[in-house]
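What follows draws every value from the coordinates through simple rules; no lab data is involved. Keep in mind it's a predicted model, so treat the numbers as computed, not measured. For neighbour counting, all protein chains shown are included, and Cβ atoms are generated from backbone atoms with ideal geometry for every residue, glycine included.
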Amino acid sequence: FKIMIINSITMSLQKKLLIIFSIVISLFSVFYSPRAEAAFGDVIGTFNGENIYSNGSPSFNSGSRSSWGIKWQCVEFVNRYYNNVMQMPNWTGTGNAYQYWGSYQAKGLERYSNGGSVAPRVNDILVYDTSQGEGFGHVAIVSNVTASSVTVVEQNWSQSTPTRTISRTGNTLNANGL
């Protein structure tokens with residue numbers, strides 16, 4: 001007899017817990033939805049008035065071009081931003097992302113090594129080597145600098161978020177490929 005009562009109490013508690021668990025899961029699914037990847041060409045942000053577009057997938061190459069390069073690659077955004085916002089010449093056709101490092105003079109830029117004597121500044125271009133960007137490198141623009149980090153804006157790194165924060169120690173940015 002006692003065993004029956006304990007079992008019925010346990011059974012009743014199990015039913016209550018199952019109901020509570022079901023309610024929690026239902027509420028979670030209503031209030032939480034993971035951020036979906038944006039489709040190719042969707043605007044995912046802006047920086048100084050310049051749109052940042054989703055490439056749809058990091059490895060996708062549309063083959064279609066804007067006036068600044070292949071839509072919506074990282075190089076296209078940096079070229080467009082520097083042409084429209086910084087009033088620099090259009091650099092379309094001057095190479096892949098990693099080649100910015102070697103072609104800085106032809107672009108009218110200055111070059112500073114990661115960890116060197118010059119701290120990163122807003123509007124600087126970060127150039128990643130070929131270990132990033134499926135062998136083509138990657139470029140991003142510094143949008144904010146603090147004592148412990150820099151924030152960059154970029155196309156074709158995340159297809160839903162145009163910014164990323166990179167920690168820093170002094171003048172050294174703690175990111176692979178810089």
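Annotation note: GluC sites (Glu not before Pro) in the range 71-178 located in DSSP loop regions with a Cβ neighbour count of at most 10 within 10 Å are E110. Take the Kirkwood radius over Cα pairs of the range 82-135, plug it into Stokes-Einstein at 20 °C and 1.002 mPa s, and you get 172 µm²/s for translational diffusion.
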